[in-house]
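Comments concern the structure below.
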Amino acid sequence: MRRDIFQAIADPTRRAILILIATQAMTPNAIAEEFHISRQAVSKHIQMLTECDLVKQEYQGREIYYSLEIDKMKELDKWIEQFRKIWATRFNQLDEVLKTIKKQKK
């Protein structure tokens, strides 16, 4: 079953895992060492991130390394960009209102 990407990033532990592996691939054990939860709990988080295609696996010998799936993160960023534009427009409008109020007080 494919899960929704927003389910994956809703959890703070999964967001922390994404931040951890953003700069370098890591094994599940290395990831688990960064958290105060069980190795099994970390594995479940990694599994969900993998199911959502936010994380990719690479086998090196007997080890599995997890790294960030950049293309999927770009999709997420593209979706969020529409909100950035709305916020920027609203902040600009607020700036104009504040300038007008400041001029009226002078």
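Of note:
- Helices (runs of 4 or more DSSP H) (entirely within the chain) containing at least 1 residues that are under 11 Å from the mean Cα position of the chain (by Cα): 5-10, 12-21, 39-51, 70-105
- Selection status of Thr50, at pLDDT 90 or above and closer than 20 Å to Ala22 by Cβ: yes
The values are calculated or read from the model by the stated rules, or taken from the named source; none is laboratory data. Since the model is a prediction, treat every value here as computed from it, not as a measurement. Note: ideal-geometry Cβ built from the backbone for every residue, glycine included; neighbour counts use all protein chains shown.
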